[in-house]
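The values are calculated or read from the model by the stated rules, or taken from the named source; none is laboratory data. Keep in mind that what you see is a predicted model, and the values were worked out from it rather than measured. Backbone-built Cβ (ideal geometry, glycine too); neighbour counts: all protein chains shown. Just the protein is used for accessible areas: all its heavy atoms, side chains included, with ligands, DNA and RNA removed. Shrake-Rupley method; radii C 1.70, N 1.55, O 1.52, S 1.80 Å.
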Amino acid sequence: MAPRPPQTGSTYALAHEAIAAGDAAEGVRRIGQLLDEAAEGRELFPLFIDRARRFLRERGVPPAALSAEEHRILSLLGATAGDALDMTRQWAVVQELAAQAGQACLAGDSQAASALVEQLRSSWMTVHDRFCDVTCGLFTLAARRLGESVIGAMWDEAIGDLYPSRDAYDTARRPWAESVPLLLTDAAASLRGHLSGPGRTGEVSLREEEDRWVFRFDPCGSGGRTLRADANPDGAARAGPPFDFGVTTGQHDWAWQTEGVCLYCVHCCQLQERAPIARLGYPVRVVDPPVWGTAEARGYCTWTIYKDPQRVPAEAYRRVGATKPGDGGDG
């Protein structure tokens, strides 16, 4: 039986629809879903920042250089308050807006509830993007101070403890047909939570082909956003001035042997492809990232989930420095 496609529409849009229809219970449920979907960014961004700082300090980058780069980014964002990178306090504001929106739903005040849901989206986007920008800035600092070649290892230190989670998709543990819907659902929820899609409302696109499922994030709300002026309220692509975040300038196994890849996007190569290939013998998702400043610039990202991991083409292995098991060179 084919898996049921996951939710691809914006949860914010669904919340607004429920509120407009006067369905208080559904409105409250969707508001709770919004908080659940934001959990990945809320939990991982502070971890990324802490581990990036540690990586830089341990390799001799002066703490003053780290502080200066973080201050530069926060100043550009107009976020100079002392708690700007205190996720606990920033998240409390988001939670309070969600609580107020839920109360307005239950009180039947659809106008206030809808306005509060939009405030919730805007507030989470501000916090989410700030933490993502600082993460990107620290990885850029590493490339400039230590050389671009360190970025793969830097991500290994930042997310290496997540690599064993790929083992859940081992065909020796679970039939692949059962893993596919899990991979689809998790991907859709994650990228909704990162506020992907036009207008940054958490919309993603999914199509089914004969042998695969293909997501498109246009843009992805985290790494992809850094390459798109239209994905940021200030109209500035983070890979350009005044932020000037780094993209790959050479070809590396940890970045699909592709130039112009955002240094943040590298973690998808590691987590979706290289670590699973090393542990399982195949990638769990095949990623074609957005690229910047190249002859064939691409502003969107695609994630492909094959219905049979044996159908993953040999090229997907080669471009991350691996060889497909049993590959005879015919792709």
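Enter the Cα centre distance for the pair the stretch 100-130 and the stretch 215-256, rounded to the nearest angstrom. After rounding, the separation between the Cα centres reads 28 Å.
Largest first, the residues GLU315, GLU148 sort by 1.4 Å accessible area into GLU315, GLU148.
Based on the reciprocal of the average 1/r between different C-alpha atoms, the Kirkwood radius for the stretch 265-331 equals 12.6 Å.
What a 1.4 Å probe finds exposed on the stretch 168-281 is 45% carbon and sulfur by accessible area, rounded to a whole percent. The packing ranking of peptides 300-310, 85-95, highest mean first, is 300-310, 85-95, where packing means the average number of other beta carbon atoms within 10 angstrom of each residue.
Over all pairs of distinct alpha carbons, what does the Kirkwood formula give as the hydrodynamic radius of the stretch 186-272, in Å? Could the numbers behind the result be given before it?
Values: mean 1/r = 0.0724 Å⁻¹.
About 13.8 Å for the stretch 186-272.
Output the DSSP H helices from the chain with an along-axis C-alpha extent of no less than 18 Å and a mean Kyte-Doolittle hydropathy no less than -1.0. Qualifying helices, which must be both long enough and hydrophobic enough, are 24-37, 39-58, 63-77, 87-106, 110-146, 176-193. Taking all Cα-Cα distances within the stretch 42-131, those exceeding 23 Å account for 38%. Simple point charges give the picture: +1 on the Cβ of Lys and Arg, -1 on the Cβ of Asp and Glu, and for the stretch 179-225 a dipole about the Cα centre of about 320 debye.
When you restrict to C-alpha pairs under 8 Å that are six or more residues apart and normalise by the size of the chain, the relative contact order lands at 18 percent. For the pair VAL214 and GLU296, a Förster radius of 25 Å applied to the C-beta separation gives a FRET efficiency near 0.85, rounded to the nearest 0.05. Three semi-axes describe the equivalent ellipsoid of the stretch 214-331; taken as square roots of 5 times the Cα gyration tensor eigenvalues and ordered largest first, they are 28, 14, 11 Å. Taking the average, over residues, of other Cβ atoms within 10 Å as the packing measure, peptides 131-140, 43-52, 274-283 rank 131-140, 274-283, 43-52 from highest down.
State the Cα centre-to-centre distance between the stretch 274-325 and the stretch 133-182 in whole Å. Taking the Cα centre of each part, the stretch 274-325 and the stretch 133-182 sit 13 Å apart. So if the hydrodynamic radius of the stretch 103-262 is defined as the Kirkwood radius over C-alpha pairs, what does Stokes-Einstein give as its diffusion coefficient at 20 °C and 1.002 mPa s, in µm² per second? Diffusion coefficient, whole number: 117 µm²/s. Sorting the segments 18-24, 32-38 by their mean number of nearby beta carbons within 10 angstrom, highest to lowest, gives 32-38, 18-24. Here the Kirkwood formula, the inverse mean of 1/r across different C-alpha pairs, assigns the chain a hydrodynamic radius of 20.7 Å. Pairwise Cα separations in the stretch 88-165 fall into 10 Å bins from 0 onward with the following percentages, short to long: 17, 28, 23, 18, 12, 2.
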